[in-house]
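The values are calculated or read from the model by the stated rules, or taken from the named source; none is laboratory data. Nothing here was measured: the structure is a model prediction, and the numbers come from that model. Reconstructed Cβ throughout: ideal geometry from the backbone, glycine too, with neighbour counts over all protein chains shown.
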Amino acid sequence: MRLTVFCGSSSGRSPAYVEAARALGREMLAQGIGLVYGGAGVGLMGALADTLLEGGGEVIGVIPRHLVAREIAHADVTDLRVVGSMHERKALMAELGDGFVALPGGVGTLEELFEAWTWAQLGLHVKPCAVLNVEGYFDSLLRLIEHTVEEGFMRPEYGRTLIAESTPAALLARLAAYRSLGEKWTVDALAWVRTQDRRLLAVRTAGKSAFYLPGGKREAGESDLDALLREVKEELTVSLLPDTLVRLGAYRAPAHDYPAGTSVDLVCFSADFEGEIRAAAEIEEVAWLGRGDMERCAPAVRLVMEDLKARGEL
């Protein structure tokens, strides 16, 4: 496996940026991942390449002829490919890598990342795109992406495909687990399962016809625990108790109110809670549903209810 990494030919103000590049290189070495990058021997590009070269890792540099002197091509890269233009550079880097990662950098780094991410949205490739969010460098960018989704210029499922993590280990784990949306979309969601008197707690959001389980989707960089605690708090005002959280299982079903072919992967947890359950945020209705209410629920919730029935909890 190889990763195409976009990053600056400068080092930036903070020493943390260079250290993050080196840390990513060490983690790639440990996992046997090769590097495709812009071919320079200076800045974050040089620090990353040097780290892999010192450990005997694979490093492929791709640099346009007119930048060999300006970006100072890395003299020790054994596979340095000099191309005629920036277009050729980006096309070859995209072809050689199995995923894309951006480290802190300038407009060139951002342009490379956004082009690769755009190609993924257009279905031109099925490779993951990610940012290593060193000391919050990309926080403003991630907020802009959220704003773009909120204002209706990007579909939510597209916005969630850009991976963001603050450590190399977490980033590489997310890349390894990535599944392309491809032509059929998959929505990853988390849910809280709570039963009482053989009935299941469910919610219905404003404008929706079906009932769902309390919960929702991860935000960039969130763990399952953090995302579930946040979503339930936002929807029902209660606080789940982390020490009581138990994973119940995962369910895949057609996603309700999404385009045809969209699936949802719903990971369910039980947990105790503090506070009073009441509708908040976009929740229009809270209900305790029994066996006779299955047709009122989204397909994934019906699967959960079938399991609860089999265990005598519904």
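Based on this model, can you work out whether residue 56 counts as without any contact (Cβ under 8 Å) to a residue 60 or more places away in the chain and of a type in the set (Gly, Ala, Ser)?
Details: without any contact (Cβ under 8 Å) to a residue 60 or more places away in the chain: yes; of a type in the set (Gly, Ala, Ser): yes.
When the stated conditions are applied, residue 56 passes them.
In this structure, does residue 35 turn out to be closer than 24 Å to residue 133 by Cα and either at pLDDT 90 or above or out of contact with any helix residue (DSSP H, G or I) (no Cβ under 7 Å at 6 or more places or on another chain) (or both)?
Details: closer than 24 Å to residue 133 by Cα: yes; either at pLDDT 90 or above or out of contact with any helix residue (DSSP H, G or I) (no Cβ under 7 Å at 6 or more places or on another chain) (or both): yes.
So residue 35 fits the description; yes.
Return a yes/no flag: does region 277-288 have any residue that is more than 15 Å from residue 204 (Cα to Cα) and either in contact with a helix residue (DSSP H, G or I) (Cβ under 7 Å, 6 or more places away or on another chain) or not basic (Lys, Arg) (or both).
Taking region 277-288 first, the residues more than 15 Å from residue 204 (Cα to Cα) are none.
No: zero hits.
If you check every pair at least six apart or on different chains, which have Cβ atoms under 9 Å apart with a residue in region 74-98 that is within 10 Å of residue 36 (Cα to Cα) and at pLDDT 90 or above first and a residue that is assigned to a helix (DSSP H, G or I) and aromatic (Phe, Trp, Tyr) second?
Between residues of region 74-98 that are within 10 Å of residue 36 (Cα to Cα) and at pLDDT 90 or above and residues that are assigned to a helix (DSSP H, G or I) and aromatic (Phe, Trp, Tyr), the close pairs are 94/119.
Give me the residue from region 11-50 that is among the β-branched types (Val, Ile, Thr) and closer than 14 Å to residue 168 by Cα and, out of that set, surrounded by the most Cβ atoms within 10 Å (Cβ to Cβ). Reasoning before the result, please.
So the first thing to find is which residues in region 11-50 are among the β-branched types (Val, Ile, Thr), and the list is 18, 33, 36, 42.
Cutting the leftovers down to closer than 14 Å to residue 168 by Cα gives us 18, 33.
On the way: 18: 19, 33: 21.
Filtering region 11-50 for residues that are among the β-branched types (Val, Ile, Thr) and closer than 14 Å to residue 168 by Cα, the one surrounded by the most Cβ atoms within 10 Å (Cβ to Cβ) comes out as 33.
Being in contact (Cβ under 8 Å) with a residue 60 or more places away in the chain and touching a Phe, Trp or Tyr at 6+ places or on another chain (Cβ under 6 Å) is the filter here; which residues of region 204-244 pass it?
204
Could you tell me whether region 149-159 includes any residue that is farther than 20 Å from residue 17 by Cβ, assigned to a helix (DSSP H, G or I) and among the aliphatic types (A, V, I, L, M)?
Taking region 149-159 and keeping what is farther than 20 Å from residue 17 by Cβ, we get 149-159.
Checking which are assigned to a helix (DSSP H, G or I) leaves us with 149-150, 156-159.
Retained after the next criterion (residues that are among the aliphatic types (A, V, I, L, M)): 149.
Checked against the condition, which is being farther than 20 Å from residue 17 by Cβ, assigned to a helix (DSSP H, G or I) and among the aliphatic types (A, V, I, L, M), region 149-159 yields at least one hit.
Residues that are at positive phi, surrounded by fewer than 16 Cβ atoms within 10 Å (Cβ to Cβ) and at pLDDT 95 or above: find the strands (runs of 3 or more DSSP E) completely inside region 219-314 holding 3 or more of those.
Values: elements: 246-254, 263-270, 283-289.
Filter on region 219-314 gives an empty set.
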